[in-house]
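Take a look at the structure below.
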């Protein structure tokens, strides 16, 4: 059984507000819990008008507080933060919602260079520091050793002894190698950077070293899935994500646009090729089309878990899509 999970960016549709996005995220998480999705993660991005999940720990508290059983976590960009602050934030979340919090760690800033500077981060130094910061974060969650007094080391309070599950995130082979060396689960961002997916998963599995945290490799892949009652309607809904990628590449990020009937009137052939490459790990269509597409991907990649972004314009379409995806997932198990 390959479990399905959801990656949410608290999308802000054109004409909507961040408050609308947060209400929608909670409603989606509650649906996900009812439909049997394994986890609900939020992604950290900054200075993006269409993404409201910048303060991931705060939004996680909002979602976890409105659900009961689903695991809730994040894609935190560790270079934007000190390990101690992240340990305290996620230690607090784990204390509030025990056994339900995940912490995914990426080494990108999740934004552009000027915004990275506004976050008071030195991008080059912090990316080079990433493996050390991950190890420091692990230590901050560890319990005190026998005979060790509290004053001997800096500890996260809350956080001390909680061992919040850590994941490494990546879109290249670097994080795959590091996750294998550290014996941690690995999530590959194939939903926007599919190019090195197969190589990264292969390297991760071949190089994996068992650890106290994980005894065998566990690889999750991101897949854009848009399901609707017909192939035509799903393709129309998918144009919101295509437009969002296009405008981001043009340096014009904005709120999530409504679907359009024809993308050919919007992008150039070069832009079309770029967007289609970036969104190559996508399955779009009716429930039957989605089922076949997911089956092909699962056979090709053999993921341990699939995480599905939820970047759509209308909340009703988003909810319906994840209902249909859950049904397709159930049929794949038969």
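The values are calculated or read from the model by the stated rules, or taken from the named source; none is laboratory data. These figures come from a predicted structure and were not determined experimentally. Don't worry about glycine lacking a Cβ; one is built from the backbone with ideal geometry, like all the others, and counts go over all protein chains shown.
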Restricting to the range 267-292, count the residues that are part of a helix (DSSP H, G or I) and more than 20 Å from residue 328 (Cα to Cα). 10
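Take the conditions surrounded by fewer than 17 Cβ atoms within 10 Å (Cβ to Cβ), under 20 Å from the mean Cα position of the chain (by Cα), assigned to a loop (DSSP other than H, G, I, E, B) and not assigned by TED's automatic domain parsing to the domain that holds residue 18 and apply them to residue 251. Does it pass? Reasoning before the result, please.
On the way: surrounded by fewer than 17 Cβ atoms within 10 Å (Cβ to Cβ): yes; under 20 Å from the mean Cα position of the chain (by Cα): no; assigned to a loop (DSSP other than H, G, I, E, B): yes; not assigned by TED's automatic domain parsing to the domain that holds residue 18: yes.
It is false that residue 251 is surrounded by fewer than 17 Cβ atoms within 10 Å (Cβ to Cβ), under 20 Å from the mean Cα position of the chain (by Cα), assigned to a loop (DSSP other than H, G, I, E, B) and not assigned by TED's automatic domain parsing to the domain that holds residue 18.
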Residue 27, sole failed condition from (1) in contact (Cβ under 8 Å) with a residue 60 or more places away in the chain; (2) within 30 Å of residue 300 (Cβ to Cβ): (2)
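Listed here are the residues, each with its yes/no results for (1) surrounded by 15 or more Cβ atoms within 10 Å (Cβ to Cβ); (2) within 17 Å of the chain's Cα centre (by Cα); (3) not assigned by TED's automatic domain parsing to the domain that holds residue 185.
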residue: 269; (1), (2), (3): no, no, yes
residue: 277; (1), (2), (3): no, no, yes
residue: 281; (1), (2), (3): yes, yes, yes
residue: 294; (1), (2), (3): yes, no, yes
residue: 308; (1), (2), (3): yes, yes, no
Of the residues that sit in the range 181-190 and are touching a strand residue (DSSP E or B) at 6+ places or on another chain (Cβ under 9 Å) and not in a helix (DSSP H, G or I), which one is surrounded by the most Cβ atoms within 10 Å (Cβ to Cβ)? 188
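Given the criteria under 21 Å from residue 313 (Cβ atoms) and buried (at least 23 other Cβ atoms within 10 Å of the Cβ), does residue 15 qualify? Quick ask: steps written out before the conclusion?
Numbers: under 21 Å from residue 313 (Cβ atoms): yes; buried (at least 23 other Cβ atoms within 10 Å of the Cβ): no.
Answer is no for this residue.
Yes or no, residue by residue, for (1) under 23 Å from residue 7 (Cβ atoms); (2) more than 18 Å from the chain's Cα centre (by Cα); (3) outside any strand (DSSP E or B):
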position: 154; (1), (2), (3): no, yes, yes
position: 163; (1), (2), (3): no, yes, yes
position: 176; (1), (2), (3): yes, no, yes
position: 179; (1), (2), (3): yes, no, yes
position: 192; (1), (2), (3): yes, no, yes
position: 198; (1), (2), (3): yes, yes, yes
position: 209; (1), (2), (3): no, yes, yes
Out of the residues in the range 212-243 meeting the condition of being touching a helix residue (DSSP H, G or I) at 6+ places or on another chain (Cβ under 8 Å) and assigned to a helix (DSSP H, G or I), tell me which one is surrounded by the most Cβ atoms within 10 Å (Cβ to Cβ). 242
Out of all the residues in the range 254-267, which are in contact with a strand residue (DSSP E or B) (Cβ under 8 Å, 6 or more places away or on another chain) and surrounded by fewer than 17 Cβ atoms within 10 Å (Cβ to Cβ)? 258
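Please specify each residue of the range 101-138 satisfying the condition of being part of a loop (DSSP other than H, G, I, E, B) and either modelled with pLDDT under 95 or surrounded by fewer than 20 Cβ atoms within 10 Å (Cβ to Cβ) (or both). Working first, answer last.
So in the range 101-138, the residues part of a loop (DSSP other than H, G, I, E, B) come out as 102, 107-112, 119-122, 129.
Hits for the range 101-138 are 107, 108, 109, 110, 111, 112, 119, 120, 121, 122, 129.
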Evaluate the following for residue 97: is it touching a helix residue (DSSP H, G or I) at 6+ places or on another chain (Cβ under 8 Å), crowded, with 18+ Cβ neighbours inside 10 Å, modelled with pLDDT of 95 or more and assigned by TED's automatic domain parsing to the domain that holds residue 55? yes
Among the residues of the range 310-334 satisfying the criterion of being at pLDDT below 95 and out of contact with any helix residue (DSSP H, G or I) (no Cβ under 7 Å at 6 or more places or on another chain), which is nearest to residue 231 (Cα to Cα)? 329
Where residues in the range 35-57 are over 18 Å from residue 187 (Cβ atoms) and out of contact with any helix residue (DSSP H, G or I) (no Cβ under 9 Å at 6 or more places or on another chain), which of them is surrounded by the most Cβ atoms within 10 Å (Cβ to Cβ)? 54
Filtering the range 64-85 for residues that are crowded, with 24+ Cβ neighbours inside 10 Å, modelled with pLDDT of 95 or more and more than 20 Å from residue 3 (Cα to Cα) leaves a count of 0
